[in-house]
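Comments concern the structure below.
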Amino acid sequence: PLILAASVLGVIALGIILVQPFKASHDRTARRPSIAVLPFTASPGREGPAAWAQSMPLLLIQSLSRTKYFEVVGADRVTSAVQSLHGFSGGEFSTAELEHVSRETGATHTVTGTLTRAGNGFVISLAVQRPGSKESFPSRFACADEAELVKAIDRVTFQIKLDLGLTRSEATRDFDAMGMEISTPSFEAFRLYCEGRRLH
(Lines give C-alpha, C1' and ligand atoms only; values in the text may rest on other atoms or scores of the structure.)
Protein backbone atom coordinates (compact mmCIF):
# COMPACT_ATOMS: atom_id res chain seq x y z
CA PRO A 1 0.00 0.00 0.00
CA LEU A 2 2.83 2.44 0.80
CA ILE A 3 4.50 1.81 -2.56
CA LEU A 4 1.15 2.26 -4.34
CA ALA A 5 0.45 5.53 -2.50
CA ALA A 6 3.94 6.82 -3.29
CA SER A 7 3.48 5.92 -6.96
CA VAL A 8 0.15 7.76 -7.14
CA LEU A 9 1.66 10.87 -5.52
CA GLY A 10 4.59 10.67 -7.92
CA VAL A 11 2.28 10.56 -10.94
CA ILE A 12 0.26 13.54 -9.62
CA ALA A 13 3.43 15.56 -8.98
CA LEU A 14 4.74 14.75 -12.47
CA GLY A 15 1.42 15.83 -13.99
CA ILE A 16 1.53 19.16 -12.17
CA ILE A 17 5.12 19.77 -13.30
CA LEU A 18 4.25 19.00 -16.94
CA VAL A 19 1.04 21.05 -16.99
CA GLN A 20 2.46 24.16 -15.29
CA PRO A 21 4.44 25.55 -18.28
CA PHE A 22 1.40 25.21 -20.56
CA LYS A 23 -0.81 26.92 -17.98
CA ALA A 24 1.67 29.79 -17.58
CA SER A 25 1.86 30.18 -21.35
CA HIS A 26 -1.94 30.24 -21.58
CA ASP A 27 -2.15 32.83 -18.79
CA ARG A 28 0.29 35.11 -20.59
CA THR A 29 -1.65 34.78 -23.83
CA ALA A 30 -5.02 35.30 -22.18
CA ARG A 31 -3.87 38.17 -19.97
CA ARG A 32 -6.04 41.25 -20.25
CA PRO A 33 -4.48 44.38 -21.79
CA SER A 34 -2.93 46.70 -19.23
CA ILE A 35 -2.12 50.36 -19.68
CA ALA A 36 0.43 52.73 -18.15
CA VAL A 37 -0.31 56.46 -18.31
CA LEU A 38 3.04 58.27 -18.41
CA PRO A 39 3.73 61.86 -17.31
CA PHE A 40 2.55 64.44 -19.83
CA THR A 41 4.81 67.15 -21.23
CA ALA A 42 3.91 70.82 -21.47
CA SER A 43 4.90 72.75 -24.56
CA PRO A 44 6.64 76.04 -23.69
CA GLY A 45 4.69 79.22 -24.31
CA ARG A 46 2.61 81.91 -22.65
CA GLU A 47 1.65 80.74 -19.16
CA GLY A 48 3.05 77.27 -19.77
CA PRO A 49 0.52 74.71 -18.48
CA ALA A 50 3.07 72.62 -16.56
CA ALA A 51 0.80 72.18 -13.50
CA TRP A 52 -2.08 70.93 -15.65
CA ALA A 53 0.23 68.57 -17.56
CA GLN A 54 1.36 67.12 -14.23
CA SER A 55 -2.23 66.54 -13.12
CA MET A 56 -3.65 65.02 -16.32
CA PRO A 57 -2.12 61.52 -15.89
CA LEU A 58 -3.54 61.25 -12.34
CA LEU A 59 -7.01 62.16 -13.56
CA LEU A 60 -6.77 59.74 -16.47
CA ILE A 61 -5.65 56.89 -14.20
CA GLN A 62 -8.60 57.67 -11.92
CA SER A 63 -11.02 57.61 -14.84
CA LEU A 64 -9.55 54.58 -16.64
CA SER A 65 -9.43 52.52 -13.43
CA ARG A 66 -13.21 52.14 -13.59
CA THR A 67 -13.05 49.97 -16.72
CA LYS A 68 -13.89 46.27 -16.70
CA TYR A 69 -12.02 45.45 -19.91
CA PHE A 70 -8.37 46.13 -19.04
CA GLU A 71 -6.04 46.87 -16.14
CA VAL A 72 -4.50 50.23 -15.30
CA VAL A 73 -1.05 50.57 -13.74
CA GLY A 74 -1.03 52.70 -10.58
CA ALA A 75 0.65 56.12 -10.56
CA ASP A 76 3.28 55.02 -8.04
CA ARG A 77 4.48 52.13 -10.22
CA VAL A 78 4.63 54.36 -13.30
CA THR A 79 6.61 56.99 -11.39
CA SER A 80 9.05 54.34 -10.17
CA ALA A 81 9.52 52.98 -13.70
CA VAL A 82 10.13 56.46 -15.14
CA GLN A 83 12.62 57.28 -12.40
CA SER A 84 14.56 54.10 -13.25
CA LEU A 85 15.23 55.43 -16.77
CA HIS A 86 18.91 56.30 -17.15
CA GLY A 87 19.55 59.79 -18.44
CA PHE A 88 15.88 60.77 -18.73
CA SER A 89 15.31 64.42 -17.83
CA GLY A 90 11.71 64.89 -18.88
CA GLY A 91 10.18 65.66 -22.25
CA GLU A 92 9.04 63.15 -24.85
CA PHE A 93 9.74 59.46 -24.38
CA SER A 94 11.83 57.55 -26.91
CA THR A 95 10.84 54.12 -28.23
CA ALA A 96 13.44 52.44 -26.00
CA GLU A 97 12.17 54.34 -22.94
CA LEU A 98 8.58 53.30 -23.61
CA GLU A 99 9.68 49.68 -23.90
CA HIS A 100 11.58 50.00 -20.60
CA VAL A 101 8.52 51.40 -18.80
CA SER A 102 6.38 48.66 -20.33
CA ARG A 103 8.71 45.96 -19.02
CA GLU A 104 9.00 47.51 -15.56
CA THR A 105 5.26 47.95 -15.09
CA GLY A 106 4.06 44.90 -17.03
CA ALA A 107 1.86 47.15 -19.19
CA THR A 108 0.94 46.07 -22.71
CA HIS A 109 0.20 49.67 -23.75
CA THR A 110 1.40 53.14 -22.83
CA VAL A 111 -0.31 56.53 -23.00
CA THR A 112 1.77 59.66 -23.53
CA GLY A 113 0.56 63.20 -24.01
CA THR A 114 1.47 66.83 -24.53
CA LEU A 115 -0.48 69.83 -23.28
CA THR A 116 -0.19 73.02 -25.36
CA ARG A 117 -1.61 76.50 -24.90
CA ALA A 118 -3.91 77.59 -27.73
CA GLY A 119 -5.10 81.15 -27.15
CA ASN A 120 -7.03 81.08 -23.88
CA GLY A 121 -7.52 77.34 -24.13
CA PHE A 122 -5.50 74.17 -24.50
CA VAL A 123 -4.82 71.36 -26.94
CA ILE A 124 -4.19 67.83 -25.65
CA SER A 125 -2.09 65.68 -28.00
CA LEU A 126 -2.37 62.02 -27.06
CA ALA A 127 -0.68 58.80 -28.23
CA VAL A 128 -1.69 55.28 -27.24
CA GLN A 129 1.12 52.88 -28.16
CA ARG A 130 2.03 49.24 -27.85
CA PRO A 131 5.78 49.21 -27.11
CA GLY A 132 7.72 46.72 -29.17
CA SER A 133 5.35 47.06 -32.14
CA LYS A 134 4.38 49.71 -34.68
CA GLU A 135 0.91 49.99 -33.14
CA SER A 136 0.25 53.67 -32.33
CA PHE A 137 -2.93 55.75 -32.15
CA PRO A 138 -2.52 59.56 -32.06
CA SER A 139 -5.40 61.92 -31.25
CA ARG A 140 -6.00 65.59 -30.37
CA PHE A 141 -8.53 67.34 -28.13
CA ALA A 142 -9.22 71.07 -28.08
CA CYS A 143 -10.37 72.71 -24.83
CA ALA A 144 -11.63 76.28 -24.58
CA ASP A 145 -10.60 76.84 -20.94
CA GLU A 146 -9.67 75.09 -17.67
CA ALA A 147 -13.20 73.88 -17.02
CA GLU A 148 -13.28 72.26 -20.47
CA LEU A 149 -9.86 70.76 -19.76
CA VAL A 150 -11.25 68.94 -16.73
CA LYS A 151 -14.31 67.71 -18.61
CA ALA A 152 -12.11 66.54 -21.50
CA ILE A 153 -10.93 63.67 -19.27
CA ASP A 154 -14.07 61.73 -20.21
CA ARG A 155 -13.47 62.28 -23.94
CA VAL A 156 -9.83 61.25 -23.64
CA THR A 157 -10.77 58.15 -21.63
CA PHE A 158 -13.37 57.18 -24.25
CA GLN A 159 -10.82 57.55 -27.06
CA ILE A 160 -8.24 55.42 -25.21
CA LYS A 161 -10.83 52.64 -24.88
CA LEU A 162 -11.48 52.79 -28.63
CA ASP A 163 -7.73 52.69 -29.30
CA LEU A 164 -7.47 49.53 -27.18
CA GLY A 165 -10.02 47.81 -29.40
CA LEU A 166 -13.33 48.36 -27.64
CA THR A 167 -16.34 49.05 -29.84
CA ARG A 168 -18.27 52.27 -29.32
CA SER A 169 -21.11 50.43 -27.62
CA GLU A 170 -18.68 48.61 -25.29
CA ALA A 171 -16.90 51.85 -24.42
CA THR A 172 -20.21 53.62 -23.80
CA ARG A 173 -21.48 50.89 -21.44
CA ASP A 174 -18.10 50.53 -19.69
CA PHE A 175 -18.56 52.44 -16.46
CA ASP A 176 -18.36 51.97 -12.72
CA ALA A 177 -21.37 52.75 -10.55
CA MET A 178 -18.95 54.29 -8.06
CA GLY A 179 -17.95 56.94 -10.60
CA MET A 180 -18.34 60.58 -9.64
CA GLU A 181 -19.66 63.60 -11.49
CA ILE A 182 -17.28 66.51 -11.89
CA SER A 183 -18.92 69.41 -10.08
CA THR A 184 -16.16 72.02 -9.86
CA PRO A 185 -14.72 74.28 -12.58
CA SER A 186 -11.43 74.40 -10.66
CA PHE A 187 -8.92 72.00 -12.16
CA GLU A 188 -6.67 72.25 -9.09
CA ALA A 189 -9.55 71.49 -6.70
CA PHE A 190 -10.52 68.42 -8.72
CA ARG A 191 -6.90 67.24 -8.91
CA LEU A 192 -6.45 67.54 -5.14
CA TYR A 193 -9.76 65.77 -4.51
CA CYS A 194 -8.68 62.83 -6.73
CA GLU A 195 -5.29 62.68 -5.03
CA GLY A 196 -6.90 62.65 -1.57
CA ARG A 197 -9.34 59.95 -2.68
CA ARG A 198 -6.47 57.83 -4.03
CA LEU A 199 -4.41 58.20 -0.85
CA HIS A 200 -7.44 57.43 1.34
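The values are calculated or read from the model by the stated rules, or taken from the named source; none is laboratory data. All of these numbers come straight from a predicted model, not from anything done at the bench. Virtual Cβ from ideal backbone geometry, glycine too; neighbours counted across all protein chains shown. Surface areas here come from the heavy atoms of the whole protein model, side chains and all, with no ligands, DNA or RNA. Shrake-Rupley method; radii C 1.70, N 1.55, O 1.52, S 1.80 Å.
Data for the structure
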{"item": "Leading residue by the ranking (nearest to residue 80 (Cα to Cα)) among those in segment 90-141 that are open to solvent by less than 50 Å² (accessible area, probe 1.4 Å) and among the aromatic types (Phe, Trp, Tyr)", "result": "93"}
{"item": "Pick from segment 156-167, criterion open to solvent by 30 Å² or more (accessible area, probe 1.4 Å), out of contact with any strand residue (DSSP E or B) (no Cβ under 6 Å at 6 or more places or on another chain) and in a helix (DSSP H, G or I), ranking: nearest to residue 33 (Cα to Cα)", "result": "162"}
{"item": "Extreme residue, surrounded by the fewest Cβ atoms within 10 Å (Cβ to Cβ), among residues of segment 142-155 that are among the aliphatic types (A, V, I, L, M), closer than 17 Å to residue 40 by Cα and touching a strand residue (DSSP E or B) at 6+ places or on another chain (Cβ under 6 Å)", "result": "142"}
{"item": "Restricting segment 169-188 to residues that are in a helix (DSSP H, G or I) and open to solvent by 50 Å² or more (accessible area, probe 1.4 Å), the residue that is modelled with the lowest pLDDT", "result": "188"}
{"item": "Filter pass, residue 35 being within 20 Å of residue 152 (Cβ to Cβ), modelled with pLDDT of 90 or more and in contact with a Gly (Cβ under 8 Å, 6 or more places away or on another chain)", "result": "no"}
{"item": "Subset tally (residues that are among the aliphatic types (A, V, I, L, M) and open to solvent by less than 40 Å² (accessible area, probe 1.4 Å)) for segment 50-60", "result": "4"}
{"item": "Test: residue in segment 61-74 that is polar (S, T, N, Q), at pLDDT 80 or above and open to solvent by 50 Å² or more (accessible area, probe 1.4 Å)", "result": "yes"}
{"item": "So residue 87, is it open to solvent by less than 40 Å² (accessible area, probe 1.4 Å) and part of a loop (DSSP other than H, G, I, E, B)", "result": "no"}
{"item": "Residues located in segment 124-148, provided they are farther than 17 Å from residue 91 by Cα and either of a type in the set (Val, Ile, Thr) or touching a Gly at 6+ places or on another chain (Cβ under 8 Å) (or both)", "result": "142, 143, 144, 145, 148"}
{"item": "Condition check for residue 59: of a type in the set (A, V, I, L, M), assigned to a helix (DSSP H, G or I) and under 25 Å from residue 173 (Cβ atoms)", "result": "yes"}
{"item": "Pairs with Cβ under 9 Å, 6+ apart, first in segment 54-77 and of a type in the set (Gly, Ala, Ser), second open to solvent by 40 Å² or more (accessible area, probe 1.4 Å) and part of a loop (DSSP other than H, G, I, E, B)", "result": "65/176; 74/65"}
